[in-house]
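What follows is a single structure, written as structure tokens, with notes after it.
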Amino acid sequence: MRDPSAYAQTDHFRERLRQQGRYVTLASASEAIRRGQLRWNSSDGWRFALVEDGIRYVIVVGDTETPSPVLVTGWTEIADWEAVTGSDRWSEVDAHTIRLREDLSAHRDRQIPGRIRPRVVTRPFAVGGHRVRTAAGEGYVECADCGGRFRSKRALCERHCE
């Protein structure tokens, strides 16, 4: 269905809307539903994807386990780095944050210092209970609260912030 008002919101989706560095809003989810490309993904069901200013908004919906269709989760990805960095809509920190979050999720179980090093993320964002940031040349993300240093999403999720 292409009518955003037909979709209920899961608690998980509402939580994603509040997370720093995720860049998903109700407006972007609605636009993805209205105009985005609809695809089936075997791991999490139906996805709407819409690219604007070089950013791909991915909205996952479910329609089999609930009486009405629901918004399950959402995230952003870099679809075109040059379009993102050339856009007035996105700052360089925004672009690096999206790419870093994307890399951490795509390589969850591996250490990825080479993918972290080029990122400059000065506004911490939440991953695994930590609020992480990094600077150019650092092969790790650092938690702004506990000072822990991590090279993978798995490590972020396995160690509690103290």
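The values are calculated or read from the model by the stated rules, or taken from the named source; none is laboratory data. Nothing here was measured: the structure is a model prediction, and the numbers come from that model. Please note: Cβ atoms are built from the backbone with ideal geometry, for glycine as well, and neighbour counts cover all protein chains shown. Only protein heavy atoms, including side chains, enter the accessible area calculation; ligands, DNA and RNA are left aside. Shrake-Rupley method; radii C 1.70, N 1.55, O 1.52, S 1.80 Å.
Details
- Any hit, region 19-33, residues being in contact (Cβ under 8 Å) with a residue 40 or more places away in the chain and open to solvent by 70 Å² or more (accessible area, probe 1.4 Å): yes
- 2 or more residues of a type in the set (Val, Ile, Thr): qualifying strands (runs of 3 or more DSSP E) within region 18-82: 55-62, 70-78
- Test: ASP53 is touching a residue at least 12 places away in the same chain (Cβ under 8 Å), of a type in the set (Asp, Glu), touching a strand residue (DSSP E or B) at 6+ places or on another chain (Cβ under 8 Å) and under 28 Å from ARG2 (Cα atoms): no
- Residue within region 4-17 that is touching a residue at least 40 places away in the same chain (Cβ under 8 Å) and either among the β-branched types (Val, Ile, Thr) or open to solvent by less than 10 Å² (accessible area, probe 1.4 Å) (or both) present: yes
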